[in-house]
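So the structure is just underneath, and the comments pick up after that.
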Amino acid sequence: MSSCESSGKCKSFFHGLFHGKINIIFGFIYFAFTAILGPAVLLPAKGDHRPAHTQTKNAVEDIRKGLSSGFAGVENPAMIVGPAVIGIMNHIETEKKLGTIGSAVHAHGNLESLLNIVAGVVLLMLAIPVMYKKILSILFLMGAIFHSGMLYLGIVFGVGFAFKFTIIGAISIVAALLLTGLACICGLKERKTEDAH
Amino acid sequence: MEAQVENKLRYVWDPLLRGLHWWIALTTFIQVGVGALFMFFEDSLSEGLEDTLIDIHGVVGYLFGAGILVRILWLFIGPPTASWRDMVPIKPPQRKVFFDTIKFYLSFLRGKAPLYKAHNTFAGPIYLAFFFVAALQITSGVMLLDSHDEGASVQLFSFAYAYEGGDGLLDENNDGGGEQDEESFFEEIFEEIFEEAHEVGFFVFIFFIFAHIFAVLVHEFAETHRIIFAMFHGKKRFTDEEWKELEK
């Protein structure tokens, strides 16, 4: 028997891990991960597209000038209009990825890590059978891993097939939220406090 | 004078299992109902109504999926009466129930009905098969919903729809396109496969619903355990002798 087993310390760590403790641990580590990925990946990617944005802006400015002067002295106006149109299209495409979608993944990752921390605390407080705590704990974990986790894999790391698994995370979160709500009805009890007077 | 045998209510089904049973039943009825409208009245549906029905089918589908996912997890985490071990004939007494049930059916319900506490091990594998088919229905449904380019309001969860292609932000030459032609060719083939599979699953569901309700009614009247009410309050009726035998 190892010293850890004889002292009972390892038991105290693993004991009740799925009663909410694992969600709090996972939540903090995952939050750190999402917090790092924001400035490390999303913001630099936005920065990389800044020169393209400046180029488009200049091209549109040229069109404005050309329109006010009736394109006087310009042999082929299409050569001015073309780059601006292509630039605008590229900008829209970039926004689609980095703006809405990229930020949404980051937001989902942050929110789901926070959700796990909160869920862990609530589960530890609930007076319900251990089996119910275990299934709720697993559902919250699955929700974060298969939803925002798979979105990170797909959008940030380019693993295309990961998107297909997001449904598992989505339904896990729906189930976990509904069932935790129900569990709170019967399992959340106010602790008796003594009146100071 | 013959001694009267007293039946007592004994706790069998846990609250989560009962809740999930009715959750899955309700969402199944809605899904099958909406599915039937698509299947049989597709040509007479207006475009707006079709989109609304797809939205309902999608949202209820997510709720159905949530119910099935929790039930599958509960097979492994839940109490013995909700476990997969209670459903399959792996132990000698369970195998006896399995064969006794077949004999009971073949004798047109004559003789003594087989005794079991929670799940009948003849029906158990059918329930497991139902969970498997349900998981396939959810998968194929999600794939079809993603490929449906109109009425996209239920695609909130699916970023695959908004973000076409799989080029990550970490890729150097990220143009978001990829081999689109080849992808759309495979997508079309998969879409057809998923559509066919979803339709087959629809008929399997209808068969299961009728078979389940028929079997429940048969057992309700052939036995004295009150299995329908048990799915509400969790307690089945057993005599002391029966309970002793089940607790062995």
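The values are calculated or read from the model by the stated rules, or taken from the named source; none is laboratory data. Treat the numbers as computed from the prediction; the structure is a model and nothing was measured. Every residue, glycine as well, gets a Cβ built from its backbone with ideal geometry; the counts of neighbours run over all protein chains shown. In case anyone asks, the SASA skips ligands and DNA or RNA and just uses the protein heavy atoms, side chains included. Shrake-Rupley method; radii C 1.70, N 1.55, O 1.52, S 1.80 Å.
Can you compute the charge dipole magnitude of region B:72-122 about its Cα centre, using +1 on each Lys and Arg Cβ and -1 on each Asp and Glu Cβ, nothing else charged? Give it in debye, rounded to the nearest 20.
220 debye
Where does each of A:50, B:95, B:71 land when they are ordered by accessible area, with a 1.4 Å probe and the largest first?
Largest to smallest exposure gives the sequence A:50, B:95, B:71.
Work from the charge dipole of region B:1-135 (Cβ charges, +1 for Lys and Arg, -1 for Asp and Glu, about the Cα centre) and give the residue of B:84, B:116, B:73 farthest towards its positive end.
Ranked along the dipole, the leading option is B:116.
Rank by packing, highest mean first: peptides A:139-145, A:51-57, with packing defined as the count of other Cβ atoms within 10 Å averaged across residues.
Highest to lowest by the protection proxy: A:139-145, A:51-57.
What is the extension gain from residue A:33 to residue A:17, computed as 0.36 nm multiplied by their sequence separation minus the C-alpha to C-alpha distance, in nm to one decimal? The partial results should precede the final answer.
Values: separation 16, 0.36 × 16 = 5.76 nm, distance 2.13 nm.
Gain on stretching residue A:33 to residue A:17: 3.6 nm.
Compute the distribution of all C-alpha to C-alpha distances in region A:68-168, in bins of 5 Å from 0, and list the percent of pairs in each, rounded to whole numbers.
That works out to 2, 11, 14, 13, 11, 9, 8, 6, 5, 5, 4, 3, 2, 2, 2, 1, 0, in percent per bin.
What net charge is computed for the residues neighbouring residue B:98, neighbours being all others with C-beta under 15 Å from the C-beta of residue B:98, Lys and Arg scored +1, Asp and Glu -1? List each step's numbers first, then the result.
Working: positive: B:85, B:91, B:95, B:96, B:103, B:117; negative: B:86, B:100.
Once positives and negatives cancel, what remains is +4.
Heavy-atom accessible area per residue, region B:73-142, 1.4 Å probe: how many Å²?
With the other protein chains kept in place, region B:73-142 gives 53 Å² per residue.
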